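Following: one structure in structure tokens, then a few remarks.
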Amino acid sequence: MFSDKDIAHFSKLETPFYYYDLDLLQRTLSACRAAASPHGFHVHYAMKANFNASVLKKIEALGFGADCVSGNEVKKAIEIGFDPKKVVFAGVGKSDKEINEALDLDIFCFNVESVQELEVINELAEKKGKKAKVAIRINPNVDAYTHANITTGLDENKFGVNSWDLPACAEILNISTSLDFVGIHFHIGSQITNLDVYKNLCVKVNEFSNWFEDHGLKVSVLNVGGGLGIDYHHPDNQIPDFESYFKIFATFLTVRTDQEVHFELGRALVGQSASLISKVLYVKTGKKKNFIILDAGMTELMRPALYHAYHQIENISPRLAVDGSQASRPQATSADHINYDVVGPICESTDCFGKEIALPQTFRNDLIAIRSAGAYGEVMASHYNLREDVRVVTSDSY
Ligand code: LLP
């Protein structure tokens, strides 16, 4: 939802741009913290969802840790001010350079995704005379019932160590003097809206935790990853139901008093806080189809092209002139809506934000908001077609 002041401001700016509502972000983060604290749960923000500096600073200021998936994310988190003791480093393909740099930065732990990676971290830590803290990321073979392209915890996915490779990990961990085993890690997928999925995950976490303890390895941290979904169909002021989410883990996880439970939320923390604001370049009316051609495309927001992801699209241009001086257009009722395919300018047929979207009659230069774009939006932008760097406007800048 945008105020008249927001829209008046947007209309003076060069489009397209991401608009960040920092107040909504703050409220979302506070709600998450308030829901996690009574259980003593620790949340690491999954930085891959959005690494805009204004966003990161707010998250760091509220005491969250950082979950990183590249050496550059680790460096950026620490640069922003995240305590290295609250930085974790996951990812199936950490390079030697990235591992060495993270060892030098004394991060909290590496979430290790294969037996071979465990051997490499062991070797590199040994060379430095350091002890690397490691958690084993286990692929629990739990179905997240989400989009096939963003599910990660099934046997056929590349992520984590499969159960049959755990004895080899335990053997290395039990003899190594350069590895410090801290616990186990899971992440089964993203945009999970069926919370029962997490009950199934808890059952597996309990089983694997017992397995490690039975093999002489003390599990201090249970890291259950992230994945909590957001409601893309209701973007206005939607704060995810963190209480129900954390309650599932509090109920179904077996946690000893000396164990910590860690989470890695990305989308749920930042997803609703941004919209992509774009201008209509052209409207093409046809016999079978009407097209709205925007100045934003898959280069700014890739999710619809990549996953057929739904984002609510709104025409936010004023429908009536306030003072009568502007050329006005009739206030739209739902009967006046026209179905449009809303597309971008990129030379690809998949550059489409939505098909047959019902919108009030739309004109050249109208402003269009593509909602719920705070997670995996700006960070996945590209320069394809030699497009410009994506612009950003924050709510505290006017
Ligand atoms: N932890 C790990 C190890 C992950 O791989 C991810 C996300 C997260 C945590 C955070 O998940 P979240 O809470 O944000 O669901 N680009 C896709 C999403 C990819 C998710 C990758 N991993 C999209 O636009 O939907």
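Given the condition within 14 Å of the ligand (Cβ to nearest atom) and touching a Phe, Trp or Tyr at 6+ places or on another chain (Cβ under 8 Å), answer yes or no: does some residue in the range 204-223 qualify?
Within the range 204-223 (the criterion being within 14 Å of the ligand (Cβ to nearest atom) and touching a Phe, Trp or Tyr at 6+ places or on another chain (Cβ under 8 Å)), the answer is yes, since at least one residue qualifies.
Matching residues to (1) in contact with a Gly (Cβ under 6 Å, 6 or more places away or on another chain); (2) without any contact (Cβ under 8 Å) to a residue 60 or more places away in the chain; (3) basic (Lys, Arg):
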residue: 73; (1), (2), (3): no, yes, no
residue: 113; (1), (2), (3): yes, yes, no
residue: 117; (1), (2), (3): no, yes, no
residue: 125; (1), (2), (3): no, yes, no
residue: 140; (1), (2), (3): yes, no, no
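Check residue 137 against each of (1) within 23 Å of residue 86 (Cβ to Cβ); (2) away from the ligand (no atom under 16 Å from the Cβ) and name the one condition it does not meet.
(2)
Take the residues of the range 179-196 that are farther than 12 Å from residue 137 by Cα and within 12 Å of the ligand (Cβ to nearest atom): which is surrounded by the fewest Cβ atoms within 10 Å (Cβ to Cβ)?
Taking the candidates together, the pick is 193.
Please pick out the residue among 61, 125 that is under 25 Å from residue 22 (Cβ atoms) and among the hydrophobic types (A, V, I, L, M, F, W, C).
Among 61, 125, only 61 is under 25 Å from residue 22 (Cβ atoms) and among the hydrophobic types (A, V, I, L, M, F, W, C).
With the structure loaded, tell me whether residue 241 is in the same structural domain as residue 189 (by TED's automatic domain parsing) and within 15 Å of the ligand (Cβ to nearest atom) or whether it fails that test.
yes
Could you please find all residues in the range 361-390 being more than 26 Å from residue 230 (Cα to Cα) and either touching a residue at least 12 places away in the same chain (Cβ under 8 Å) or assigned by TED's automatic domain parsing to the domain that holds residue 53 (or both)?
361, 362, 363, 364, 365, 366, 383, 384, 385, 387, listed by residue number.
Considering the range 110-134 alone, what residues qualify as being away from the ligand (no atom under 16 Å from the Cβ), assigned to a strand (DSSP E or B) and of a type in the set (A, V, I, L, M, F, W, C)?
132
In contact with a helix residue (DSSP H, G or I) (Cβ under 7 Å, 6 or more places away or on another chain) and assigned by TED's automatic domain parsing to the domain that holds residue 85, is that true of residue 185?
Against the criterion (in contact with a helix residue (DSSP H, G or I) (Cβ under 7 Å, 6 or more places away or on another chain) and assigned by TED's automatic domain parsing to the domain that holds residue 85), residue 185 does not qualify.
Here's the yes/no breakdown for (1) out of contact with any strand residue (DSSP E or B) (no Cβ under 6 Å at 6 or more places or on another chain); (2) outside the structural domain of residue 49 (by TED's automatic domain parsing); (3) surrounded by fewer than 22 Cβ atoms within 10 Å (Cβ to Cβ):
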site: 95; (1), (2), (3): yes, no, yes
site: 112; (1), (2), (3): no, no, no
site: 124; (1), (2), (3): yes, no, yes
site: 131; (1), (2), (3): no, no, yes
site: 138; (1), (2), (3): no, no, no
site: 144; (1), (2), (3): no, no, no
site: 175; (1), (2), (3): yes, no, yes
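For residue 276, work out the one condition from (1) closer than 24 Å to residue 25 by Cα; (2) hydrophobic (A, V, I, L, M, F, W, C); (3) away from the ligand (no atom under 14 Å from the Cβ) it doesn't fulfil.
(3)
Just for strands (runs of 3 or more DSSP E) wholly inside the range 239-315: which have at least 2 residues that are among the β-branched types (Val, Ile, Thr) and surrounded by 15 or more Cβ atoms within 10 Å (Cβ to Cβ)?
Correct list: 274-285, 290-294.
So, in the range 160-173, of the ones that are modelled with pLDDT of 95 or more and in contact with a strand residue (DSSP E or B) (Cβ under 6 Å, 6 or more places away or on another chain), which residue ends up nearest to the ligand (Cβ to nearest atom)?
169
With the structure loaded, tell me whether residue 172 is among the aliphatic types (A, V, I, L, M) and closer than 22 Å to residue 262 by Cα or whether it fails that test.
Taking the combined requirement at face value, the residue does not satisfy it.
Among the residues of the range 64-86, count how many are touching a Lys or Arg at 6+ places or on another chain (Cβ under 7 Å) and either surrounded by fewer than 16 Cβ atoms within 10 Å (Cβ to Cβ) or under 21 Å from residue 394 (Cα atoms) (or both).
Final tally of qualifying residues: 1.
The values are calculated or read from the model by the stated rules, or taken from the named source; none is laboratory data. The structure displayed is predicted, hence computed values, not measured ones. Backbone-built Cβ (ideal geometry, glycine too); neighbour counts: all protein chains shown.
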